[in-house]
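This report concerns only the one structure given below.
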Amino acid sequence: MKYYSSPDDEGMVYDRQHFQAIAEDQQCPILIEEMKREVGGEKWCKVNAEFVETSDCCGYQCKDYSPCNRASGRCRQLVAGFIGTGIMFLMSENGSTRMVL
């Protein structure tokens, strides 16, 4: 699944259907940027809703720590962050997208 961000969303990422619904409500096209996972960078903690470095308070000292292999290791609550690809689209009211150069 591809994710996108809008300059108005302050770094939040959403799927295509989210922006299509907004474009339909506003009845005007929305500028969106395609995003990709940032491997090796900051991780997003789904429980605490914040970015963390893997060395920061992520492990047994966290009450929400839940290792993927049920013993130790990476917490299943951590997901990779996103970075922009620089590929811009205009999402129209009818759901079609057009690349912007």
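Just so it is clear, none of the values below were taken in a lab; they were calculated from the coordinates. If you're wondering where the values come from, they're calculated on a predicted model, not measured in any experiment. Cβ: placed from backbone, ideal geometry, glycine included. Neighbour counts: every protein chain shown.
Looking at segment 38-101, which chymotrypsin sites (Phe, Trp or Tyr not before Pro) are in a loop (DSSP not H, G, I, E or B) and have at most 13 other Cβ atoms within 10 Å?
Tyr60
I need the calculated FRET efficiency for the pair Met1 and Gln61, taking r as the beta carbon distance and R₀ as 30 Å, to the nearest 0.05.
0.35
So if R0 is 25 Å, what FRET efficiency would Glu42 and Asp8 give, r being the distance between their Cβ atoms, rounded to the nearest 0.05?
0.65
For the chain, with a Gaussian network of springs between Cα atoms less than 10 Å apart, report the residue from Lys63, Lys36, Lys46 with the top mean-square fluctuation.
Top of the fluctuation ranking is Lys63.
For Rg and Dmax of the Cα atoms in Å, the listed values are (1) 33.0, 108; (2) 15.4, 51; (3) 16.9, 51; which was obtained by calculation from the structure presented?
(3)
Any chance you could run the full-extension gain for Glu93 through Leu31? It's 0.36 nm times the residue separation minus the Cα-Cα distance, nm to one decimal.
Going from the current span to full extension adds 21.1 nm.
Once fully extended, how much extra length lies between Glu50 and Glu24, figured as 0.36 nm per residue of separation less the alpha-carbon to alpha-carbon distance?
Between Glu50 and Glu24, full extension yields 6.3 nm more.
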